[in-house]
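The values are calculated or read from the model by the stated rules, or taken from the named source; none is laboratory data. Bear in mind that the values here come from a model prediction, so they are computed numbers and not experimental data. Cβ coordinates were reconstructed from backbone atoms using ideal geometry, including for glycine residues, and neighbour counts include every protein chain displayed. We work out accessible area using only protein heavy atoms, side chains counted, and drop any ligands, DNA or RNA first. Shrake-Rupley method; radii C 1.70, N 1.55, O 1.52, S 1.80 Å.
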Amino acid sequence: MSSPRAPEDEQGGGDRGDPPGDLRSVLVTSVLNLEPLDEDLFRGRHYWVPISKRLFGGQIVGQALVAAAKSVSEDFHVHSLHCYFVRAGDPKVPVLYQVERTRTGASFSVRSVKAVQHGKPIFIFQASFQHTQPSPVQHQFSMPAVPPPEELLDYELFIDQCLRDSNLQEKYSVLLNRIAARDVPIEIKPVNPCTLSQLQRMEPKQMFWVRARGYIGEGDIKMHCCVAAYISDYAFLGTALLPHLCQYKVHFMVSLDHSMWFHAPFRADHWMLYECESPWAGGSRGLVHGRLWRRDGILAVSCAQEGVIRVKPQVSQSKL
């Protein structure tokens, strides 16, 4: 289908090319691919499970958006979604997605999706789709000035560099080895990776360049939005923990709700800057805000999430 997209020159050079033989992103072929069972009923399977042994929230959000998008016409595109995680997902069984066509209008259409496992909802989701309309009322924040991704280390190389640091404490070495073992279908380049000495004074803010592994192509803007939904949940809630890493270790951390607003066309297989910050934490919860920027400075997506954060004090290991 044809759909509005960001022209190649607006995406800022330096991104991967689009040769026809390029490897198709696993996010399209597997992670977000749904099996249709009946009208407005789909089954999704799992690709990557976090250390927590629960389902990755980004995959559930992305799959739910795929299911909802299949029920609207080609000229309607998602502009917002809001969802709640109500039960822990079981990574051993598939997820059923039940779509309800809540409203179909001339300009806006609303879809509700319930994700079910073992006969109970684990996730509830609503998305609103809009027929593309011009508007003279336009403004946005300015994109932060940061080094381009070509000048930064891949996340895997950064972790490897940290693990070679002889001054790295054992508790961080274990954590970094766990992170390095994750096989995620996205590429990440931190903008300001912290050193061990910086952990004492970190702010609840982080930025990194991110894109899908493999080729998605110009194609359907709906799929790029679904991939962005997957990407948006990765390392997002952890932003609220950054000022507290030296004092506490995570006992339990899980998303409660997640919202996204889509502003401009983009390609999720091109580098985008993910700007994350946590304005508040308390009551065993943390709130985070995020912005996904295209390389040309266009604000593509805004995100917000709140989650449960329960911690335990760090225990120093005595050498005596």
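Only one entry in VAL26, VAL93, VAL86 is of a type outside the set (D, E, K, R), more than 20 Å from PHE129 (Cβ to Cβ) and open to solvent by 70 Å² or more (accessible area, probe 1.4 Å), namely VAL86. Exactly one residue out of LEU292, LEU273, LEU287, LEU256 is in a strand (DSSP E or B), over 19 Å from GLN206 (Cβ atoms) and touching a residue at least 40 places away in the same chain (Cβ under 8 Å), and it is LEU256.
Every listed requirement among (1) in contact (Cβ under 8 Å) with a residue 24 or more places away in the chain; (2) of a type in the set (A, V, I, L, M); (3) in a strand (DSSP E or B); (4) farther than 22 Å from THR29 by Cβ is met by VAL78 save one, (4). So which residues in the range 114-153 are farther than 30 Å from PRO193 by Cβ, of a type in the set (S, T, N, Q) and either in a strand (DSSP E or B) or touching a Leu at 6+ places or on another chain (Cβ under 6 Å) (or both)? Those that are farther than 30 Å from PRO193 by Cβ, of a type in the set (S, T, N, Q) and either in a strand (DSSP E or B) or touching a Leu at 6+ places or on another chain (Cβ under 6 Å) (or both): GLN117, GLN126, SER128, GLN130. Residues in the range 57-70 that are open to solvent by 10 Å² or more (accessible area, probe 1.4 Å) and either polar (S, T, N, Q) or not in a helix (DSSP H, G or I) (or both): LYS70 alone. Can you find a residue that is under 15 Å from ILE221 (Cα atoms) and touching a residue at least 24 places away in the same chain (Cβ under 8 Å) anywhere in the range 51-62? Looking through the range 51-62, at least one residue is under 15 Å from ILE221 (Cα atoms) and touching a residue at least 24 places away in the same chain (Cβ under 8 Å). Residue count for the range 96-150, restricted to those that are within 25 Å of the chain's Cα centre (by Cα), small (Gly, Ala, Ser) and open to solvent by 30 Å² or more (accessible area, probe 1.4 Å): 2.
Within the range 297-317, being open to solvent by less than 60 Å² (accessible area, probe 1.4 Å) and part of a loop (DSSP other than H, G, I, E, B) holds for GLY297, ILE298, GLN314.
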